[in-house]
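Please read the structure below before turning to the comments.
What follows draws every value from the coordinates through simple rules; no lab data is involved. From a predicted model like this one, the values you see are computed outputs, not experimental measurements. As a convention, Cβ positions derive from the backbone with ideal geometry for all residues, glycine included, and neighbour counts pool all protein chains shown.
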């Protein structure tokens with residue numbers, strides 16, 4: 001449970017027991033009355049587990065396939081290589097045949113992730 005979800009259990013227990021009204025609970029949780037009633041219903045049906053976000057732990061349906069990630073990473077590396085080559089050529093004032101070390105320092109951005 002996240003810190004945001006912990007105090008909700010106490011408020012919802014009090015609302016289910018009738019110690020506080022729905023509008024009071026909604027104001028205390030900073031949600032609308034309609035949302036409070038929906039959460040209260042889930043809490044009454046499933047207990048504390050009903051407060052957890054239902055999409056927690058699921059993979060996004062919009063995520064990229066591993067093949068697309070690999071293709072994008074390869075294209076990115078190719079473009080970065082081309083940019084470094086052009087930058088080195090511009091530093092030497094030439095285009096085409098370059099002499100010397102062409103390595104241009106590049107920043108490390110961490111692991112490649114999609």
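Packing-based ranking of 17-30, 72-85 yields 17-30, 72-85, ordered from highest to lowest mean Cβ neighbour count within 10 Å. Rounded to 0.05, the FRET efficiency of the residue 16 and residue 90 pair, given R0 = 41 Å and the Cβ-Cβ distance, is 0.05. Once the Cβ-Cβ distance of residue 73 and residue 52 is raised to the sixth power relative to R0 = 41 Å, the FRET efficiency obtained is 0.75. If the chain linking residue 65 and residue 31 were pulled fully straight, counting 0.36 nm for each residue of separation and taking away their Cα-Cα distance, it would gain 8.6 nm.
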